[in-house]
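Below you'll find the structure, written out as structure tokens, and then a few comments.
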Amino acid sequence: METKTVQFIKQRNYQSIAKDKVARLRYVVFEQGTDQALAFRDDLFYLHGGYGGAFPKVEAALEGLKIDAKVEVLLAPEECYGQRDAGLELTVDIEAIPAEARVVGTHLEGEARDGSSYPFLVVAVEGKQVKLDGNHPLAGKHLRFMLEVLDIRDASQAELEAGYAFGLSG
């Protein structure tokens with residue numbers, strides 16, 4: 001009879017992404033059909049399980065993944081940032097904008113009649129007018145998310161109560 005020696009290789013972590021787990025992710029977002037990255041992050045902490053920290057289709061794709069797993073998720077505008085809303089594109093008198101904010105690319109907060117705030121981006125300054133856009137920069141785009149699982153841990157009680165991950169230690 002022949003004897004074989006087997007060595008077991010210890011994984012860093014045997015957990016998989018499930019409800020109330022914190023996943024540390026790396027991701028890149030592309031517009032579908034292109035290889036130009038629109039957004040990326042190397043170290044995102046995310047609380048899994050319906051807390052609103054990820055689009056539902058992304059959360060479903062992450063369910064059950066282990067460390068080092070990679071997944072690609074294709075999202076239509078309705079599944080992520082929505083369609084562009086022409087009502088969120090405004091042209092205002094230049095005097096309504098602080099002088100230091102009259103620069104293309106400046107982020108501003110607008111206040112609605114109900115007192116809530118809304119983010120806007122200065123997209124053009126033309127003569128005595130400033131064009132603002134309140135749409136998310138990725139609104140209206142078909143996106144491809146590439147995600148990699150870097151680590152998984154149990155969420156702390158404080159994270160569960162807050163509904164989001166705090167980072168490395170929880």
Search result, residues across region 64-84 that are part of a loop (DSSP other than H, G, I, E, B) and either under 22 Å from residue 135 (Cβ atoms) or in contact with a Ser or Thr (Cβ under 7 Å, 6 or more places away or on another chain) (or both): 64, 65, 76, 80, 81, 82, 83, 84
Across region 34-44, the tally of residues that are among the small types (Gly, Ala, Ser) and either in contact (Cβ under 8 Å) with a residue 12 or more places away in the chain or surrounded by 15 or more Cβ atoms within 10 Å (Cβ to Cβ) (or both) stands at 1
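Results for (1) loosely packed, with under 14 Cβ neighbours inside 10 Å; (2) under 22 Å from the mean Cα position of the chain (by Cα), shown as yes or no for each residue.
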| site | (1), (2) |
| --- | --- |
| 62 | no, yes |
| 67 | no, yes |
| 78 | yes, yes |
| 83 | yes, yes |
| 114 | yes, no |
| 148 | no, yes |
| 151 | no, yes |
| 164 | no, yes |
Applying the selection to region 1-58, what residues are in the same structural domain as residue 71 (by TED's automatic domain parsing), more than 14 Å from residue 138 (Cβ to Cβ) and among the hydroxyl-bearing types (Ser, Thr, Tyr)? 46, 51
Scan region 113-137 for residues that are modelled with pLDDT of 90 or more, farther than 29 Å from residue 40 by Cα and of a type in the set (Gly, Ala, Ser) and jot them down. 127
Sort through 58, 29, 71 and tell me the only one that's β-branched (Val, Ile, Thr) and over 25 Å from residue 15 (Cβ atoms). 29
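To keep it simple, each residue is scored yes or no on (1) more than 19 Å from residue 144 (Cα to Cα); (2) free of Cβ contacts under 8 Å to residues at least 60 places away in the same chain; (3) touching a Gly at 6+ places or on another chain (Cβ under 7 Å).
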| site | (1), (2), (3) |
| --- | --- |
| 46 | no, no, yes |
| 56 | no, yes, no |
| 66 | yes, no, no |
| 82 | no, yes, no |
| 89 | yes, yes, no |
| 92 | yes, yes, no |
| 101 | yes, yes, no |
Restricting attention to region 130-156, which residues are assigned to a loop (DSSP other than H, G, I, E, B), closer than 30 Å to residue 14 by Cβ and of a type in the set (A, V, I, L, M, F, W, C)? 155
In the set 110, 87, 170, which member is over 18 Å from the mean Cα position of the chain (by Cα), assigned to a loop (DSSP other than H, G, I, E, B) and at pLDDT below 95? 170
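The values are calculated or read from the model by the stated rules, or taken from the named source; none is laboratory data. Everything quoted here is computed from the prediction, not taken from an experiment. With ideal geometry, Cβ positions are generated from the backbone for all residues, glycine too; neighbour counts draw on all protein chains shown.
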